[in-house]
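**Q** To start, I am sharing the structure in question, which I have written as structure tokens.
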2 protein chains.
Amino acid sequence: MTEPMILHEYAFSGNCYKIRLTAAHLGIPLERREYDISTGETRTPDFLANINTNGRIPVLQQGDFRLPESNAACWWLATGSALIPSDRDAQANMLRWMFWEQYDHEPNIAVLRRWMSVIGEANLDELQRMQLPLKRKAGAAALALMNDHLAGRHWFAGNAFSLADIVLYAYTHVAEAGGFTLDDYPHVQAWAAQVAALPGHIALDA
Amino acid sequence: MTEPMILHEYAFSGNCYKIRLTAAHLGIPLERREYDISTGETRTPDFLANINTNGRIPVLQQGDFRLPESNAACWWLATGSALIPSDRDAQANMLRWMFWEQYDHEPNIAVLRRWMSVIGEANLDELQRMQLPLKRKAGAAALALMNDHLAGRHWFAGNAFSLADIVLYAYTHVAEAGGFTLDDYPHVQAWAAQVAALPGHIALDA
């Protein structure tokens, strides 16, 4: 008998949503455990000892196996499925967009969403306030790069819906909460609508 | 006849070194093309149109195929080799450390190396100066997490040398240039010595 898969998460987080969306497309049921990151529930001695020494969510668990890092968890779930192209070039291109998502997209687009819609602009500290112009510029550049890539293309890698689309969709479709205007990126908008219309799709707040 | 593989790079960058180190372990020759990022050589119209619209190095090229993102390039080179574990859990664990490297390690440890040893502390702008304490703290936390993980373990994933070790080695072994003290992380030191002693290893400045 296979042990259940448990997602340790904070439902608002796009990083956690990626994993739920991957599982939904694969028809894999996940048992969800919610943590309030604002009250330090992922920094308790119990969480650090038993779930993730890095004090972060999401973590995907099955039995003794614990896997932090959202994009690695999506990979693990999707191993052997059509969500990972088997062609060498397409697979590396998919990973290219997944690494780029963590380096250039999430730190700007996801962070501004949290700052603007959870913390609130008026409550930002001085360092956060000083970083705003650069994060806005870098986030807009990330959306522009996606928009250029999607001109004449349906999906990010290998001419098919893949994990690259799932992980980029997670924070892109809610980028307006961070102050971005998706109307400025029509190819991104069309792609996001396409993702949301796929059979098996679930919403962030589902 | 196979076309040559070309690495568009800036040799000082650990992200470029990762790809050279992966290729060295696989016995794959790379043709190296150097760009001076400080004078904008990766932001010229020609570079943006023909190499990478994101204006970044490294980019790995073979014929018409162009692959940005260092960790994706390592994956592409190593596809089908022993540098990528075939076991599902070990493979996802390897990717976990590779995503973590781009999110938690590089933005602190690599950035401080550049700020301290290329730009120079006296020449930092106000925003960079304000970020110093947080980047020092986050970089130290990243090294401590690696140190804890390596206690009682030889390699990062799957009980064998893999891409996770290569990509983490790149900026870790030169972390002192950014102000970190590797003596504080003895398991990291032992692991780095082990990586450097492997047959096929090449140095960053080779």
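**Q** Averaged over its residues, how many other protein chain Cβ atoms are within 10 Å of peptide A:98-109's Cβ atoms?
**A** Counting other chains' Cβ atoms within 10 Å and averaging over A:98-109 gives 5.
**Q** Follow-up. Please identify every one of the trypsin sites (Lys or Arg not before Pro) in segment A:25-112 that sits in a loop by DSSP and has no more than 15 other beta carbons within 10 Å of its own beta carbon. Intermediate values should be presented prior to the final figure.
**A** Values: sites: A:32, A:33, A:43, A:56, A:66, A:88, A:96; in loops: A:43, A:56.
When the trypsin sites (Lys or Arg not before Pro) of segment A:25-112 are filtered for loop state and at most 15 Cβ neighbours within 10 Å, A:43 remain.
**Q** What list do you get for A:130, B:94 if you sort them by fewest beta carbons within 10 Å? Mind showing how you got there, number by number?
**A** On the way: A:130 14, B:94 27.
Least to most surrounded, the residues fall as A:130, B:94.
**Q** Compute the separation of the alpha-carbon centres of segment A:64-92 and segment A:93-121 and state it in Å as a whole number.
**A** When both Cα centres are located, 20 Å separates them.
**Q** A further question follows. Find out how many positive minus negative residues lie around residue A:65, taking Lys and Arg as positive, Asp and Glu as negative, among other residues whose Cβ is under 13 Å from that of residue A:65.
**A** Working: positive: A:66, B:88, B:96; negative: A:3, A:64, B:87, B:89.
So the environment of residue A:65 carries a net charge of -1.
**Q** Sorting B:118, A:59 on the 10 Å Cβ count, fewest up front, what's the list? Before the final figure, lay out each step's value.
**A** Values: B:118 12, A:59 25.
The order, fewest Cβ neighbours first, is B:118, A:59.
**Q** Measuring nothing but label to label, 7 Å from Cα along Cα→Cβ, what are residue A:160's distances to the other copies in nm, shortest first?
**A** Inter-copy label distances (nm, one decimal, shortest first): 2.7.
**Q** Right, something else. Work out Dmax and Rg for segment B:88-196 from the C-alpha atoms and quote the Rg first, both in angstrom.
**A** Rg then Dmax for segment B:88-196, in Å: 14.3, 48.
**Q** Near residue A:18, within a Cβ-to-Cβ distance under 15 Å, what is the net charge of the other residues, with Lys and Arg +1 and Asp and Glu -1?
**A** Taking every Cβ under 15 Å from that of residue A:18, the sum is -1.
**Q** For chain B, what is the relative contact order in percent, using Cα pairs closer than 8 Å and at least 6 residues apart in sequence? Can you show the working numbers first?
**A** On the way: 269 pairs, mean separation 50.5, N = 206.
This gives 25 percent for chain B.
**Q** Return the chain B residue and its Cβ-to-axis distance, rounded to the nearest Å, for the rotation relating B to A.
**A** Nearest Cβ to that rotation axis, in whole Å: B:102, 3.
**Q** Considering the options B:123, B:59, B:94, tell which one lies farthest towards the positive end of the dipole of chain B, charges being +1 on Lys and Arg and -1 on Asp and Glu at the Cβ, about the Cα centre.
**A** Result: B:94.
**Q** Let me ask something additional. Under the Karplus relation 6.51 cos²θ - 1.76 cosθ + 1.60, θ = phi - 60°, what is the ordered set of whole-Hz ³J(HN,Hα) values for segment A:53-68, x standing for Gly and Pro?
**A** For segment A:53-68, the Karplus curve yields 4, 7, x, 10, 10, x, 9, 9, 10, 9, x, 7, 7, 10, 10, x Hz.
**Q** Now for a different question. I need the calculated FRET efficiency for the pair residue A:189 and residue A:46, taking r as the beta carbon distance and R₀ as 35 Å, to the nearest 0.05. Walk me through the numbers before you get to the answer.
**A** Details: r = 43 Å, r/R0 = 1.23.
The value I calculate is 0.25.
**Q** Work out the length of the dipole vector of segment A:16-107 about its Cα centre, built from +1 on the beta-carbon of each Lys and Arg and -1 on the beta-carbon of each Asp and Glu, and round it to the nearest 20 debye. Before the final figure, lay out each step's value.
**A** Numbers: 9 positive and 12 negative charges, 21 e Å.
About 100 debye.
**Q** Related question: On average over all directions, what projected area in square nanometres does the protein assembly as shown have, based on the convex hull of its Cα atoms? Write down the numbers at each step before the final one.
**A** On the way: hull surface 81.9 nm².
Value for the protein assembly as shown: 20.5 nm².
**Q** One quarter of the convex hull surface, Cα atoms only: what value does that give for segment A:136-206 in nm²?
**A** Values: hull surface 19.2 nm².
With the hull built on Cα positions only, its mean projection is 4.8 nm².
**Q** Ratio to report: Rg/Rh of segment A:5-78, with Cα atoms as the point set and Rh obtained by the Kirkwood method; give two decimals.
**A** Working: Rg = 11.4 Å, Rh = 12.1 Å.
A ratio of 0.94.
**Q** How long are the semi-axes of the equivalent ellipsoid of segment A:21-174, defined as square roots of 5 times the Cα gyration tensor eigenvalues? Whole Å, largest first.
**A** Semi-axes from the Cα gyration tensor: 27, 25, 12 Å.
**Q** Let me ask something additional. Too long at a 23 Å Cα-Cα cut-off: which of A:135/B:137; A:137/B:18; A:135/B:135? Spell out each step's value before the answer.
**A** Values: A:135/B:137 21 Å; A:137/B:18 28 Å; A:135/B:135 16 Å.
Cα-Cα > 23 Å for A:137/B:18; rest within.
**Q** Put a dot 7 Å past each Cα toward the Cβ at residue A:132 and residue B:86; how far apart are the dots in nm?
**A** Result: 5.5 nm between the two label points.
Laboratory data are not the source of any read-out in this text; all were calculated from the coordinates shown. Predicted model only: the values in this text are computed from it and were never measured. Here Cβ is always computed from backbone atoms with ideal geometry, including for glycine, and neighbour counts include all displayed protein chains.
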